[in-house]
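The values are calculated or read from the model by the stated rules, or taken from the named source; none is laboratory data. None of the values given here were measured: they were computed from a predicted structure. Here the Cβ positions follow ideal geometry from the backbone for every residue, glycine too, while neighbour counts run over all protein chains shown.
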Amino acid sequence: MITGIAYIEMRTRSFNECREVYGTQLGLTEVQDTSSVLNEKGEWDSAESAESVNRQAALQVGDSFLILQEDLAAPTQISPKGERILEAWGSVGHWSFFVDGNFHAYSHLKDFLAFNRFPGTKEGPSVQPMNHSYLQRSLLEFADPNGYTIQLSEIVDPRHDKQDRRREKQKSANLATGAVIKGFDHINMLCPNIDKGKEMYGGMFDMPVIDHSDNGTHEGYVFVAGLCDIELLATKDGNNGDRLGKGVVGSLGLWSDDVDALAKKIEHPVPPIERDLALGVPIRSISLDVGDGLPIEIAERI
C-alpha cells in the first residue's frame, strides 16, 4: 500500500539560504513558491510580505518533494555563537538523497562542499565500513543552513544477498532522469517504542522489513518505501522521549496506491481530504499521529 516518500517538510529560520542550497547548489527544481502568484501578464508577484514569515517552497526530488517551510520558531542546530550543535532534535535525525554515482555528484558539488560553512566530506566520497549498516554506501555529507546533517548516498554494497534491494532502488531511481539527485535514499528516525513502530509501519502500512538490528542498547528495523529506506530506531532505556516529535523535519508524507483501502484497514476516523501538495500535484490524503508527535500524511495522487 505504501509506494514511496511523498515529501519531507523542513521547517527553517533560514528560508532564503535553504532555497539557495537545495535549489541552486544541489540542483533541485523548485516547482512552487507558495508565497507568489501569477499575475495577468504571466509574471510571479509576491502574495505576502517577507515579514509574514510564512513562505513555503516545494522542490522536486525524483517522485518526491522537499517542502521548505519558513518558521522562526523552528529548531536550529546552530548556537548563538554560530557554532554547529551536533545533537539533533526531533524524530527524524537525518535523511539522505540517492545519487547514481558520488564521484559524479562530487564533480558538481565540490566547490559548494569546499566552501560550505560547516565541515563535511570536502575531499570527496567516503565509503562506509562493510559492517556499518544493512547496505554499504558511499557518502557525501554536509550541514545545511540549519546545521542539519544531509547526505548523498551511492549504494556500493557487493554482497550477493543485498543485490535484490540494490537493483530495486536503482530501478526506481532510473525513472528520475536528467538530475544528479534521484530521490530520497534513506530516512533515519527515532521512535518511542520499537514494537509499536514495527506494528505501524510493517503491519498496518504493510511495508516490507529488510533489516533488523539489536545491539543491547538500541533496536531497529528498516522498512521499504519505494526507493527510500526508513530506518526506525529505539533506545532500550527510552531516554530519547524528549527528542521526539517535530524538529527540523516538521512532517513526513508517504505515497499510497490506495489511500481509501489503507484508511479502511486502519479504521481511520476521518475520510481522505483533497488538497494540492504542490502546483499540479493534487492529492487525497489522511493524516496520522504514529505516537511520536511527528505528523505522518498518507497521500495518493489524484
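Below are the figures for this structure:
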{"item": "Every pair of residues 6+ apart whose Cβ atoms lie under 6 Å, when the first sits in the range 183-211 and is among the aromatic types (F, W, Y) while the second is crowded, with 20+ Cβ neighbours inside 10 Å and part of a loop (DSSP other than H, G, I, E, B)", "result": "Y201/M207"}
{"item": "Cβ-Cβ under 6 Å pairs, at least 6 apart or on other chains, the range 22-47 side at pLDDT 65 or above, far side part of a strand (DSSP E or B) and acidic (D, E)", "result": "G23/E30; N39/D45"}
{"item": "So M207, is it part of a loop (DSSP other than H, G, I, E, B), of a type in the set (A, V, I, L, M, F, W, C) and either crowded, with 16+ Cβ neighbours inside 10 Å or under 19 Å from the mean Cα position of the chain (by Cα) (or both)", "result": "yes"}
{"item": "R284 vs. criteria touching a Lys or Arg at 6+ places or on another chain (Cβ under 9 Å), within 28 Å of R165 (Cα to Cα), surrounded by 14 or more Cβ atoms within 10 Å (Cβ to Cβ) and not aromatic (F, W, Y)", "result": "no"}
{"item": "Residue in the range 153-176 that is under 21 Å from T29 (Cα atoms), out of contact with any strand residue (DSSP E or B) (no Cβ under 6 Å at 6 or more places or on another chain) and of a type in the set (A, V, I, L, M, F, W, C) present", "result": "yes"}
{"item": "Filter pass, D276 being without any contact (Cβ under 8 Å) to a residue 24 or more places away in the chain, within 27 Å of A173 (Cα to Cα) and surrounded by fewer than 18 Cβ atoms within 10 Å (Cβ to Cβ)", "result": "yes"}
{"item": "Test: residue in the range 241-262 that is under 24 Å from Y134 (Cβ atoms) and modelled with pLDDT under 90", "result": "yes"}
{"item": "Criterion violated by E141 - all others in (1) buried (at least 20 other Cβ atoms within 10 Å of the Cβ); (2) assigned to a strand (DSSP E or B) satisfied", "result": "(1)"}
{"item": "Lone unmet requirement of (1) under 25 Å from D157 (Cβ atoms); (2) surrounded by 14 or more Cβ atoms within 10 Å (Cβ to Cβ); (3) touching a strand residue (DSSP E or B) at 6+ places or on another chain (Cβ under 9 Å) for K110", "result": "(3)"}
{"item": "Residue within the range 150-161 that is loosely packed, with under 15 Cβ neighbours inside 10 Å, over 16 Å from the mean Cα position of the chain (by Cα) and charged (D, E, K, R) present", "result": "yes"}
{"item": "Among the residues listed as A88, A73, the single one being more than 17 Å from the chain's Cα centre (by Cα), among the small types (G, A, S), within 25 Å of A6 (Cβ to Cβ) and not in a strand (DSSP E or B)", "result": "A73"}
{"item": "Conditions (1) charged (D, E, K, R); (2) within 21 Å of the chain's Cα centre (by Cα); (3) farther than 21 Å from I5 by Cβ: number failed by D111", "result": "(2)"}
{"item": "Top-ranked residue in the range 68-118 [being of a type in the set (D, E) and at pLDDT 90 or above; ranked as farthest from T29 (Cα to Cα)]", "result": "D71"}
